[in-house]
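Q: Below is one structure. I have some questions about it.
The values are calculated or read from the model by the stated rules, or taken from the named source; none is laboratory data. All figures in this text were calculated on a predicted structure; none of them were measured in a lab. Ideal geometry is used to build each Cβ from the backbone, glycine not excepted, and the neighbour counts take in all protein chains shown. Areas reflect the complete protein model, heavy atoms only, side chains present, ligands, DNA and RNA absent. Shrake-Rupley method; radii C 1.70, N 1.55, O 1.52, S 1.80 Å.
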Amino acid sequence: MKNAIIAKENFRKRIDDQEVTLFNLKNKNGCVCQITNYGARIVSFFLFKKGKAPVDVILGYDSIDNYLNDDFYLGAIAGRYANRIAKGKFSLDGKEYSLFVNNGPNSLHGGQKGFDKVVWKTQPFLNEKEEEAIELRYLSKDGEEGYTGNLEVKVIYTLTNKNEIKIDYCAETDAKTVINLTNHVYFNLKGAGEGLITSHDLVLNADYFTPTDSNSIPTGEIRSVTNTPMDFRSAHKIGERINDDYIELIQGIGYDHNWVLNKENSKLSHFATVKEVSTEIVLNVYTTEPGVHFYSGNYLDVKNGKESKTYPARSGFCLETQHFPDSPNQDNFPSTVLNPGEIYTQTTVYQFKVN
Ligand code: BGC
């Protein structure tokens with residue numbers, strides 16, 4: 001791969017009467033993280049290793065026009081409710097709300113025009129450690145996509161000097177609502193478009209996961225991973241058991257599930273390590289959230305990726321830190337209700353190590 005930092009010109013466009021552009025965050029090690037305010041998306045992350053060509057570990061497109069036609073949520077913030085709400089319906093205080101149904105019978109990642117397809121307001125800044133960061137803001141109006149309450153959302157991306165992308169989210173509402181925010185970025189530790197992620201080794205610190213029905217809605221069961229191909233408490237290659245005769249994997253065409261992270265509180269803690277032997281790139285992930293959706297890119301089919309590369313099925317993986325899917329309809333899951341006067345927060349850190 002050549003030093004393919006994408007040109008800002010490719011992203012300049014007026015959308016919904018607002019300017020879309022591309023921002024470059026750099027750190028003292030020479031890493032570059034590119035962010036666009038269309039969908040608050042991470043476009044690329046270049047890792048540099050002495051004497052080697054830079055590796056861009058994030059799947060994306062090299063022009064805004066391609067993002068406008070994206071069906072895969074590449075690099076995007078998903079919301080107001082990341083992942084699925086069964087039949088696009090939920091109730092709060094006895095009142096039923098109906099959402100746009102965009103995934104079989106369900107509502108997925110915010111509906112027809114979720115947070116991945118809106119233009120965010122931007123404010124680049126340097127943090128107290130002089131690290132480059134960008135704040136993105138979006139006001140989701142009362143009634144948008146069927147959700148109640150005006151919701152003010154803020155996302156801050158920081159590129160730290162430890163080669164981390166740190167994502168801080170916060171949100172406030174003026175009426176009781178539900179919220180579940182995540183980032184849907186796909187990684188490939190061989191480099192975007194450089195093969196499948198089935199060779200990556202994965203460790204997930206989770207004793208349980210939430211099984212689903214054939215429409216990917218949790219059944220409500222919290223099932224132990226013991227003796228199942230969902231057990232990543234010690235390292236396994238993603239591809240090792242992905243085609244096993246296990247109903248969850250058959251239904252999902254691979255991994256597309258929520259794992260219940262082993263944690264007692266909402267402190268930022270390490271929960272995943274992914275390693276690719278051929279490039280010696282390691283990703284460690286930390287979150288404040290109770291769950292992670294590990295998605296092995298089963299439905300990916302991108303023909304127009306960066307540098308004209310293709311991204312076929314299983315050429316990228318996501319670790320979408322989140323509350324559990326369909327929580328507004330599942331009493332035994334941690335609550336996703338946000339009341340006026342409360343502040344929703346979540347932090348997730350993707351940390352890269354190049355050996
Ligand atoms: C979902 C997948 C879906 C993908 C969309 C994931 O979070 O769980 O089922 O295909 O997002 O790209």
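Q: Computed FRET efficiency, Cβ-Cβ of residue 269 and residue 308, R0 51 Å: what is it to the nearest 0.05?
A: 0.80
Q: Further, regarding this structure: What shape does the stretch 299-355 have by the C-alpha gyration tensor, where a ≥ b ≥ c are the square roots of the eigenvalues, rounded means a/c under 1.5, and otherwise prolate means a/b greater than b/c and oblate the rest?
A: Note, shape of the stretch 299-355 comes out prolate.
Q: Follow-up question, since we're still on this one. Report the residue, chosen from 198, 122, 279, that carries the largest GNM mean-square fluctuation when the chain is represented by alpha-carbon nodes joined by springs under 10 Å.
A: Result for the chain, Cα springs under 10 Å: 279 fluctuates most.
Q: Ok, one more. Relative to a virtual label point 7 Å from the Cα of residue 98 in the Cα→beta-carbon direction, which members of the stretch 137-157 show backbone nitrogen distances below 18 Å?
A: It comes to 143-149, nothing else.
Q: A further question follows. Have a look at 181, 229, 211 and report the one farthest towards the positive end of the charge dipole of the stretch 174-260, computed about the Cα centre with Cβ charges (Lys/Arg +1, Asp/Glu -1).
A: Checked the options; the winner is 181.
Q: Extending each Cα 7 Å along its Cβ direction at residue 52 and residue 9, get the distance between those two points in nm, one decimal.
A: 3.2
Q: In whole Hz and in residue order, list the ³J(HN,Hα) couplings for the stretch 178-183 that follow from phi through the Karplus curve 6.51 cos²θ - 1.76 cosθ + 1.60, θ = phi - 60°; x for Gly and Pro.
A: Whole-Hz 3J(HN,Hα) from phi for the stretch 178-183: 10, 8, 7, 10, 8, 10.
Q: Right, next: Non-local amide H neighbours of residue 291 (under 5 Å, H modeled in plane, Pro and chain starts lacking H): which ones?
A: 261, 322
Q: Of the listed peptides 177-189, 229-241, what is their order by residue-averaged count of other C-beta atoms within 10 Å, with the highest listed first?
A: Highest-to-lowest ranking by the protection proxy: 177-189, 229-241.
Q: Using θ = phi - 60° and the Karplus relation 6.51 cos²θ - 1.76 cosθ + 1.60, list the HN-Hα couplings for the stretch 308-319 in order, rounded to whole Hz, with x at every Gly or Pro.
A: Taking θ as phi minus 60°, the curve returns 6, 7, 9, 10, x, 3, 6, 9, x, 10, 10, 10 Hz for the stretch 308-319.
Q: For 247, 222, give me the order by solvent-accessible area with a 1.4 Å probe, most accessible first, ignoring ligands, DNA and RNA.
A: Listed by decreasing accessible area, they come as 247, 222.
Q: How high is the relative contact order of the stretch 112-204, in percent, with contacts defined as C-alpha pairs under 8 Å that are six or more residues apart?
A: 17
Q: Taking the Cα centre of the chain as the origin, how large is its charge dipole in debye, to the nearest 20, when only Lys and Arg (+1) and Asp and Glu (-1) carry charge on their Cβ atoms?
A: Values: 39 positive and 46 negative charges, 216 e Å.
Rounded to the nearest 20 debye, it is 1040 debye.
Q: Assign unit charges at the C-beta atoms only (+1 for Lys and Arg, -1 for Asp and Glu), then state the dipole size of the stretch 88-161 relative to its Cα centre in Debye, rounded to the nearest 20.
A: Dipole size: approximately 300 debye.
Q: Dipole of the stretch 122-275, Cα-centred, from +1 at each Lys and Arg C-beta and -1 at each Asp and Glu C-beta, to the nearest 20 debye?
A: With Lys and Arg at +1 and Asp and Glu at -1, about 340 debye.
Q: I need the shape label for the stretch 265-337. Rule: rounded when a/c is under 1.5, else prolate if a/b > b/c, else oblate, with a, b, c from the alpha carbon gyration tensor.
A: oblate
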